[in-house]
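Note sheet for the following structure.
The numbers here are math on the coordinates, done by the rules we state, and not lab data. Worth saying up front: this structure is predicted, and the values here are computed from it rather than measured. So basically every Cβ, Gly included, is an ideal-geometry build from the backbone, and we count neighbours across all protein chains shown.
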Amino acid sequence: MGRYFLRKLGIYSLTFFVAVTVDWAIPHLMPGNPVLTLMNRLQIQDPRVAQHVYHHYMRAFNLDLPLWKQYWYFWVSLVHGDLGTSILQFPSPVTSIILHAAPYTLGLLIPAILLSWYFGNKVGALAARRKVLDNSALPLSYALTATPYMWLAILLSWTLAVTWHVFPVGFAYDPTAIRGLSWAFVGSLAYHWFLPFMSLFLVTFGGWAIGMRNMIIYELESDYAHYLEALGAPQRLVRKYAFRNALLPQITGLALVLGAVLAGSLVTEIVFSYPGLGYQIYRAITNEDYFVIQGIFLFIIVGVLIANFVVDIVYVIVDPRTRIGMEGGRS
Amino acid sequence: MSAVAAPAAAPAKPVGAVRESLYFALRNRKLVFGASVTGAMLLFAIFGPLFARHGPLAYGGDLSLAPTRHGGYWFGTTLQGQDVFAQFVTGLRLAFIVGALGGGIASAIAMVVGFTAGYRGGIVDEVLNMLTNVVLVIPTFALLLVIAAYLSVRGILTEAVFIGLTSWPWAARALRAQTFSLVSRDFVDLARLSGRSSWQIIFKEIAPNMSSYLFMMFILLFGGAILIAATLDFIGLGPSNTISLGMMMQLSVQNAALQLHLWWWFLPPGLALMTIVGSLYVMNVGLDEVFNPKLREM
């Protein structure tokens, strides 16, 4: 088991190393002087400001140093938690922008992933090999999982918020509310959180329900299920065993869908002007604020690696076979 | 396009098996439904632009016009007076191009990596497996964001290539497992004894035995590439000088089309994406049932 975790940690360290290198290399790989390209695109009128921004970029990229030294300094500042300074929100450091935005994104992502996983698996397991439920739940799940995240967000926002005024159109809380730990403020947060959460939840839910339904059908066709049936075991017991076996690939699936749900949360935030990482990325892209984009990329990488590791641990806890002779072949 | 071709054209199968697959394919409602909807959307993408009377980016129509039969503005106009129908059909075409190219590149990489790792085994497998795991763990969408943000001119081809380069790992892993299960079979040993080269064995003996699997993998990668491209475009990193379905949604949100109730602007692009990807998925389930008798409805 120790070997299993060591192997996993090896892969994650390698991934982190590759990601940081790519993050550093992209501005250097682009043809020409990236700083001049940036300056052209920023189109700053005031020459004094332009001079200042130019020097800021030159120093930030360390472009006057040899390449290996630039790369080394990139790691040094990364270890010190320095991801550069935002141009748009000068002089806030990128790290503080990320730390302010991240709670909103995590507050959407974590409940959406966990709840959709739970309910999707339940519904999928119920629907398998049950004509009526299967014929209604399955097409709906396919429609949901094929829906682009931003479109469902647009749909919910247009109907429930803009047209019927059931929910607020955007933002994380009522701007007139006093921030603090009062019931009114927490209520306002929850009220604004609901629609973005719901649109993430629904799309993700569809995928889990389909996955579980298909897995259960495979399991019900397997030898042990037929054997149980032949012994005269009640249908409920057979389905219970099938469910437990079908759950394992769904846990591995948690790590696999993470990237897709994350992309979904970024665009959902844009639709609802929800001040998380997606909204910050959008602002950074439309305003060419490169350090913010690169910083958020690194933050996402670290978050995804941690989440993957958590899934690995859960898998070992849930599947007793991994605890006995796990060689690390399965992941 | 192969997405609508008859799936039973698997080589190296006896005639009876082909005919049997075809029989079940035509009787499978999911497959017929999925394939015809995808086919209809494809026809729309190919011939739709011929009917557009205005350029997708041209201004000049009445502002925020609701869908009308006059002047060719069948889908209405945007806040700035652009023809939504022209934008829609252009975007539809781009979606199929990105899907085919991105899905195709991803399938090709997945096949090379999966077959090689599964057939060779040993140290080659270890290295390729490590590579697959690294790309699998990296949140590729975030990676695409950083790359696209630094490109000064973004084209539909670069977008498709980058999507293809990042979305292959799960498919490669599945193919590797499938190849493992076939490598030790007698017919592969026989081919090896008769002195065939590794690539001949892989493409003439192993690949045909999972042709249905390969086809279904391509369909999933195709649909995935369309969704990833739409998400990238929505975040503001779409191709320059043209318009895609994702960009239509981005512009409508940016211009407060929701608050102005310009539903003809933001409903069609998402609905089209959902229809294409959904019918591809349904088609895939149908194919699965045709090739895997255990799953057929009883």
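Counting partner chain Cβ atoms within 10 Å of every residue's Cβ in B:270-282, what's the average?
The per-residue average across the peptide is 5.
Going by C-beta contacts inside 10 Å, put B:His54, A:His192, B:His70 in order with the fewest on the left.
Least crowded to most crowded, the residues run B:His70, B:His54, A:His192.
Treat every Asp and Glu Cβ in chain B as -1 and every Lys and Arg Cβ as +1, leave all other atoms uncharged, and give the resulting dipole magnitude about the Cα centre to the nearest 20 debye.
Dipole size: approximately 540 debye.
Can you list residues whose amide H is under 5 Å from A:Thr85's amide H, if they're 5+ apart or on another chain and H is modeled 1.01 Å from N?
Amide H to amide H, under 5 Å and 5 or more residues apart or across chains, A:Thr85 pairs with A:Val94.
Would you mind counting up the charge near A:Gln89? Only other residues with Cβ under 10 Å from its Cβ, with Lys and Arg at +1 and Asp and Glu at -1.
For residues surrounding A:Gln89, the net value is 0.
Please find, in a Gaussian network model of chain A (springs between Cα atoms separated by less than 10 Å), the residue of A:Val35, A:Val267, A:Val132 whose mean-square fluctuation is greatest.
Sorting by GNM fluctuation, first place goes to A:Val132.
Name the residue from A:Ala146, A:Tyr315, A:Ala101 whose Cα lies farthest towards the positive end of the charge dipole of the protein assembly as shown, charges +1 on Cβ of Lys and Arg and -1 on Cβ of Asp and Glu.
About the Cα centre, the residue reaching furthest to the positive side is A:Tyr315.
Where does the longest stretch of chain A lie that holds no chymotrypsin sites (Phe, Trp or Tyr not before Pro) found in a DSSP loop with 15 or fewer other Cβ atoms within 10 Å?
A:1-163
Considering only B:Leu262, B:Asn292, B:Val137, whose Cα is most displaced toward the positive end of the charge dipole of the range B:86-295, charges sitting on Cβ of Lys, Arg (+1) and Asp, Glu (-1)?
The residue sitting farthest along the positive end of the dipole is B:Asn292.
Looking at chain B, which longest stretch skips every one of the trypsin sites (Lys or Arg not before Pro) that is in a DSSP loop with at most 14 other Cβ atoms within 10 Å, leaving the sites themselves out?
Counting at most 14 other Cβ atoms within 10 Å as exposed, the longest clean stretch of chain B is B:70-184.
So for chain A, averaging the separation of alpha carbon pairs under 8 Å that are six or more residues apart and normalising by length, what relative contact order in percent results?
26 percent.
Which residue, chosen from B:Leu214, B:Trp168, B:Phe187, occupies the Cα position most advanced towards the positive end of the dipole of the range B:86-295, where the dipole is computed from +1 (Lys, Arg) and -1 (Asp, Glu) charges on Cβ about the Cα centre?
The residue sitting most towards the positive pole is B:Phe187.
Can you give me the convex hull volume of the Cα atoms of the protein assembly as shown, divided per residue and expressed in Å³?
In the protein assembly as shown, the Cα hull volume divided by residue count equals 203 Å³.
For chain B, modelled as a Gaussian network with Cα springs under 10 Å, which listed residue fluctuates most, B:Ile97, B:Ile123, B:Ile109?
B:Ile123
What's the average, rounded to a whole number, of partner chain beta-carbon atoms within 10 Å of each residue's beta-carbon in A:147-160?
So the per-residue partner count for this stretch is 6.
Read phi for every residue in the range B:202-217 and hand back ³J(HN,Hα) as whole Hz from Karplus 6.51 cos²θ - 1.76 cosθ + 1.60, θ = phi - 60°, with x for Gly and Pro.
So the J values, rounded to whole Hz, are 4, 8, 9, 10, 7, 4, x, 6, 10, 4, 5, 5, 4, 5, 5, 4.
Could you pull the Rg and Dmax for the range B:86-295, using just the Cα atoms, both in Å?
Considering the range B:86-295 through its Cα atoms, Rg and Dmax are 20.1, 72 Å.
Angle, helix A:183-220 long axis vs. longest principal axis of chain A, Cα atoms, 0 to 90°, nearest 10?
Helix A:183-220 sits roughly 50 degrees off the main axis of chain A.
Say we join alpha carbon atoms closer than 10 Å with springs in a Gaussian network model of chain A; which of A:Ala242, A:Ala230, A:Ala161 then has the biggest fluctuation?
Looking only at A:Ala242, A:Ala230, A:Ala161, the largest GNM fluctuation is found for A:Ala230.
So what J values fall out for the range B:130-146 if you push phi through Karplus, 6.51 cos²θ - 1.76 cosθ + 1.60 with θ = phi - 60°, rounded to Hz, Gly and Pro as x?
4, 4, 4, 4, 5, 5, 5, 7, 4, x, 4, 5, 5, 4, 4, 4, 5
Could you grab the relative contact order for the range B:86-295? Cα pairs under 8 Å, six or more apart, rounded to a whole percent.
Here the relative contact order equals 30 percent.
Please list log₁₀ I(q)/I(0) at q = 0.15, 0.16, 0.19 Å⁻¹ for the range B:95-209, using the Debye equation with identical point scatterers on the alpha-carbon positions.
Computed log10 I(q)/I(0) values: -0.72, -0.78, -0.96.
Enter the mean number of other protein chain beta carbons within 10 Å of the beta carbon of each residue in A:128-140, as an integer.
1
Apply the Karplus parameterisation 6.51 cos²θ - 1.76 cosθ + 1.60, with θ equal to phi minus 60°, to every residue of the range B:262-274 and state each ³J(HN,Hα) to the nearest whole Hz, in sequence, with x for glycine and proline.
Karplus values, whole Hz, x for Gly and Pro: 8, 4, 5, 8, 9, 7, x, x, x, 4, 5, 4, 4.
Quick one: helix A:277-286 against the long Cα principal axis of chain A, what's the angle to the nearest 10°, folded into 0 to 90?
Relative to chain A, helix A:277-286 is tipped by roughly 40 degrees.
Using only the alpha-carbon atoms, how far is helix A:235-271 inclined from the longest principal axis of chain A? Give it as 0 to 90 degrees, nearest 10.
20
One quarter of the convex hull surface, Cα atoms only: what value does that give for chain A in nm²?
If you wrap the Cα atoms of chain A in a convex hull and average its projections, you get 23.0 nm².
Between the range B:125-195 and the range B:211-258, how far is it from one alpha carbon centroid to the other, in angstrom?
The two parts, judged by their Cα centres, are 21 Å apart.
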